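Participant: Quick one: the structure is below, and I'll ask about it shortly.
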Amino acid sequence: MMDSSHPYSALTPDCALDALDCTGLRADGRLLALNSYENRVYQMGVEDSPPVVVKFYRPERWRDAAILEEHAFTTELAAREIPVVAPLALNGATLHVHAGFRFAVYPKQGGRMPEFDRTDALQWMGRFLGRIHAVGATARFAHRPALDLETFGYASRDFLRQGQWLPADLTAAWDSVVDHALASVAQCYERAGAVRAIRLHGDCHAGNVLWTDAGPHFVDFDDSRMGPAVQDLWMLLSGEREEQQAQMNEILKGYEDFMEFDPRELHLVEALRTLRLIHYAAWLARRWDDPAFPAAFPWFNTQLYWQARILELREQIALMDEPPLVA
């Protein structure tokens, strides 16, 4: 029996294929589900044409205007020959509706995982992120949210508290450490000062970069929003502090060929990492009514999970007290 507890349960393979047909492209019946939890994404075969990727947006997450703003940004980047995967305009539109589901169609882009342990790869990433940000700084989003202490921090903390997701014996410890962590984030923002917010990719980790012989291709701007430029840089870093410093040096060598970087933003690296950790826990809780989430994340909301989150935030508090990386 089909689980009808979530709207995505109505997105059957036939429904997905019919949706593509309604754009004027003729699906040939081949359908492959791709790794995505926030939305549902499929690779579909097309008669007499290369396959495409179809993204069905999570119901009620974004307003149409916010989705169209994302499409306009990626289309603007692509028009400037920046390697982003932008939606196809079919029948004069990039956003389509079928059976109540909003969706967009993208060209299929091949590629492999990037190798960020190579200095040339980091410089290459830096150059293209500099180009993306140079365009992103020319205008503002009107309908998409900002990445800040309120949206990722306080709102996420309050959602978890109000939903009583924490085990009773860990609630006091988590409440204390999350408040301390957010206070430290606020201090990092104070040290950084009035940094500029620009249009960002917003979720620029290795999984959203496809590497080819021609370099990186940036995909999935679904989390694009206003925020500090360093948000798109810090997720490329890994390892100990010395390694992260060397990696940042290489990224900025490429980045500053196209966009000036404000070194004050380096005060925000660990603050943004902390916000992402809190936001991620709240994201899992917000999506727990989707049957795909308990199946994919069975470790969420266990005793061990919250114990690890408490320890993680304590480590972040210590890191936010240390001097920042330097440009």
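Participant: Based on the alpha-carbon gyration tensor of segment 7-107 and its eigenvalue square roots a ≥ b ≥ c, which shape applies: rounded if a/c is under 1.5, prolate if not and a/b is larger than b/c, or oblate? Intermediate results must be reported in sequence, preceding the final value.
Facilitator: Working: a/c = 1.67, a/b = 1.19, b/c = 1.40.
In terms of gyration-tensor shape, oblate.
Participant: For residue 181, what is the net charge nearby, where nearby means another residue's Cβ is under 13 Å from its Cβ and Lys, Arg count +1, Asp, Glu -1?
Facilitator: On the way: positive: 157, 273, 276, 309, 314; negative: 175, 179, 270, 312, 315, 321.
So the surrounding residues net to -1.
Participant: Would you be so kind as to identify which of 167, 318, 218 lies farthest towards the positive end of the dipole of segment 119-320, taking Lys and Arg as +1 and Asp and Glu as -1 on Cβ and the Cα centre as origin?
Facilitator: 167
Participant: Explain nothing, just the number: relative contact order of the chain, from Cα pairs under 8 Å at least 6 residues apart, as a whole percent.
Facilitator: Details: 482 pairs, mean separation 64.8, N = 327.
This gives 20 percent for the chain.
Participant: How long is the gain from residue 6 to residue 38 if the chain were fully straight, where each residue apart is worth 0.36 nm and the alpha carbon distance is subtracted?
Facilitator: Details: separation 32, 0.36 × 32 = 11.52 nm, distance 1.30 nm.
Extra length available between residue 6 and residue 38 comes to 10.2 nm.
Participant: Can you give me the C-alpha center-to-center distance between segment 161-192 and segment 71-93, rounded to a whole angstrom?
Facilitator: 39 Å
Participant: Turning to a different aspect of this structure: May I ask you to list the GluC sites (Glu not before Pro) in segment 39-104 that are in a DSSP loop and have at most 11 other Cβ atoms within 10 Å of their Cβ?
Facilitator: Sites meeting the loop and neighbour criteria: 47, 60, 81.
Participant: In whole Hz, what ³J(HN,Hα) sequence does segment 46-55 give by Karplus (6.51, -1.76, 1.60; θ = phi - 60°), x for Gly and Pro?
Facilitator: With coefficients 6.51, -1.76 and 1.60, one gets 10, 4, 6, 8, x, x, 10, 10, 10, 10 Hz.
Participant: Still on this model: Per DSSP helix of 4 or more residues, -39500 (n - 2.57); summed, then divided by the residues of the chain. What does that give at 222 nm, rounded to the nearest 500?
Facilitator: Values: 10 runs with 133 residues, N = 327.
After summing the helix terms and dividing by residue count, I get -13000 deg cm²/dmol.
Participant: Based on Cβ point charges of +1 for Lys and Arg and -1 for Asp and Glu, what charge dipole magnitude is obtained for the chain about its Cα centre, in debye rounded to the nearest 20? Intermediate values should be presented prior to the final figure.
Facilitator: Values: 31 positive and 46 negative charges, 100 e Å.
Here the chain has a charge dipole of around 480 debye.
Participant: Efficiency by 1/(1 + (r/R0)^6): what FRET value for residue 15 and residue 301, r their Cβ-Cβ distance, R0 = 25 Å, to the nearest 0.05?
Facilitator: On the way: r = 31 Å, r/R0 = 1.23.
Once rounded, the FRET efficiency stands at 0.20.
Participant: Sticking to Cα atoms, compute the Rg of the chain to one decimal and its Dmax as the biggest Cα-Cα distance, whole number, in Å.
Facilitator: Calculated on Cα positions, Rg and Dmax stand at 20.6, 61 Å.
Participant: Report the full-extension gain for the segment residue 61 to residue 308: residue separation times 0.36 nm, less the Cα-Cα distance, to one decimal in nm.
Facilitator: Details: separation 247, 0.36 × 247 = 88.92 nm, distance 2.87 nm.
Between residue 61 and residue 308, full extension yields 86.1 nm more.
Participant: Which one of 216, 87, 294 has the biggest mean-square fluctuation once the chain is modelled by GNM with Cα springs under 10 Å?
Facilitator: Checking each option, the largest mean-square fluctuation is seen for 294.
Participant: From the phi angles alone, apply the Karplus equation (6.51, -1.76, 1.60; θ = phi - 60°) to segment 158-170 and give each ³J(HN,Hα) in whole Hz, x where the residue is Gly or Pro.
Facilitator: So the J values, rounded to whole Hz, are 5, 4, 5, 5, 5, x, 6, 7, 7, x, 4, 7, 10.
A short reminder: the numbers here are calculations on the coordinates, not readings from a lab. The model shown is predicted, which means the values in this text are computed figures rather than measured ones. Virtual Cβ from ideal backbone geometry, glycine too; neighbours counted across all protein chains shown.
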